[in-house]
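Novice: Structure provided below as structure tokens; questions to follow.
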């Protein structure tokens, strides 16, 4: 039976028969694979640790007729911090759901694996920090959208084309059709337009979501987020909530599907705010 090796992150598992599990993993090339872990539900299975959800492992796989299977597995990173809190576990589940949405079974999606693994590592390092979770989840969403060619347009108004800035340059009078010099101030997000609208163009799209300059700046920064920048950014709860709403609207509109894990995260966040607990 032919064998081959892949390195990957486990996205999810599901029971198969009485003793086995189907394991969905994302490998380094961005290929989503579903493989069979035989006997993994037995108490002393040598495969159990390496096929836990969100674990980074190296797999020795056997080639099957319709389904490949796990022969051996070596844990590279257990990422146990993801199981240290319900919030961290829910955030990891959302990252895994995003990874599945942006990949295909058996086909490569270059660039997805590094984003997924990097964000899981950051969540693992700060399992109780809701602010860090929110920043890195927005980073994952925006980067995966960029890789898929569905990126949110944040630098220029999607109505008139002017560059955007927190402080707008003087504009022409309302109704003036001439091109506008200088930068516009971000005022709204339109899923249909694919990005941000300036104060002048926002009224033309009544379905657009309001977008304040502070939230706009956070979205631009988290797209290129680094650990150093994440430590410095201190947006308020309202800004984080608005950023999540805007990006989720973009995702659902362009992918045509909701994300169950994100809904659960929103419930956890609402409960945290209601209790007065810090992020």
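Novice: What angle, in degrees between 0 and 90 and rounded to the nearest 10, separates the Cα long axis of helix 130-147 from the longest principal axis of the Cα atoms of the chain?
Specialist: 90
Novice: Let me ask something additional. For a footprinting-style exposure proxy, rank 212, 155, 68 by other Cβ within 10 Å, fewest first.
Specialist: The most exposed by this proxy come first: 155, 212, 68.
Novice: Let me check against my output: what whole-number percent is the relative contact order of segment 31-110, with C-alpha pairs under 8 Å and at least 6 apart? Mind dumping the intermediate values first?
Specialist: On the way: 100 pairs, mean separation 27.9, N = 80.
Worked out over segment 31-110, it gives 35 percent.
Novice: Once label points are set 7 Å from the Cα along Cα→Cβ at both residue 212 and residue 34, what is their separation, rounded to one decimal in nm?
Specialist: Each label point lies 7 Å from its Cα, and together they span 4.5 nm.
Novice: Separate question: For the ranges 187-199, 1-13, what's the packing order if you count other beta-carbon atoms within 10 Å of each residue, average per peptide, and put the highest first? Present the calculation step by step, with values, prior to reporting the outcome.
Specialist: Working: 187-199: 21.0, 1-13: 16.6.
Top of the packing list down: 187-199, 1-13.
Novice: Applying 1/(1 + (r/R0)^6) with R0 = 35 Å to the Cβ-Cβ distance of residue 270 and residue 1, what FRET efficiency is obtained, to the nearest 0.05?
Specialist: Numbers: r = 51 Å, r/R0 = 1.44.
Efficiency, from the Cβ-Cβ distance: 0.10.
Novice: Among 67, 147, which comes first, second and so on when ranked by fewest other beta-carbon atoms within 10 Å? List each step's numbers first, then the result.
Specialist: On the way: 67 12, 147 17.
Ranking 67, 147 by Cβ neighbours within 10 Å, fewest first, gives 67, 147.
Novice: Please report, largest first and rounded to whole Å, the three semi-axes of the ellipsoid equivalent to the chain, where each semi-axis is the square root of five times an eigenvalue of the C-alpha gyration tensor. Don't jump to the answer; show the numbers that get you there.
Specialist: Details: eigenvalues 339, 83, 43 Å².
Each semi-axis is √(5λ); the values are 41, 20, 15 Å.
Novice: Kindly provide the helix-only [θ] at 222 nm of the chain, computed as the sum of -39,500 (n - 2.57) over DSSP H runs of four or more divided by all residues, to the nearest 500 deg cm²/dmol?
Specialist: Numbers: 7 runs with 100 residues, N = 279.
Dividing the helical sum by the residues of the chain leaves -11500 deg cm²/dmol.
Novice: Multiply the residue separation of residue 42 and residue 72 by 0.36 nm, subtract the distance between their alpha-carbon atoms, and state the gained length in nm to one decimal.
Specialist: 9.3 nm
Novice: Let me ask something else about it. May I ask you to derive the FRET efficiency for residue 252 and residue 228 from their Cβ-Cβ distance with R0 = 30 Å, giving the value to the nearest 0.05? All intermediate terms of the calculation are to be shown ahead of the outcome.
Specialist: Working: r = 31 Å, r/R0 = 1.05.
Given R0 = 30 Å and the Cβ-Cβ separation, E is 0.45.
Novice: Let me ask something else. Taking 0.36 nm per residue of separation and subtracting the Cα-Cα distance, what length does fully extending residue 260 through residue 146 add? Please list the in-between numbers first.
Specialist: Working: separation 114, 0.36 × 114 = 41.04 nm, distance 2.17 nm.
Extending this stretch completely gives an extra 38.9 nm.
Novice: Can you tell me the FRET efficiency between residue 107 and residue 160 if r is taken as the Cβ-Cβ distance and R0 is 35 Å, rounded to the nearest 0.05? Write down the numbers at each step before the final one.
Specialist: Numbers: r = 38 Å, r/R0 = 1.10.
The calculated FRET efficiency here is 0.35.
Novice: At 7 Å along Cα-to-Cβ for each site, give me the label-to-label distance between residue 18 and residue 84 in nm.
Specialist: 4.0
Novice: If you don't mind, there's one more thing I want to ask. Nearest 10 degrees, 0 to 90: what angle lies between the long axis of helix 213-223 and the longest principal axis of the chain (Cα atoms)?
Specialist: Here the helix axis deviates by roughly 30 degrees.
Novice: Return one quarter of the surface area of the convex hull spanned by the alpha-carbon atoms of segment 3-77, equal to its mean projected area, in nm².
Specialist: 4.5
Novice: Next question, about the same structure. May I ask you to order 125-135, 98-108, 254-264 by the average number of other C-beta atoms within 10 Å around their residues, highest value first?
Specialist: Answer by packing, highest mean first, reads 125-135, 98-108, 254-264.
Only the coordinates and a few stated rules stand behind these numbers; no lab work does. The structure presented is a predicted model; accordingly, all values stated were derived computationally and were not measured. Ideal geometry is used to build each Cβ from the backbone, glycine not excepted, and the neighbour counts take in all protein chains shown.
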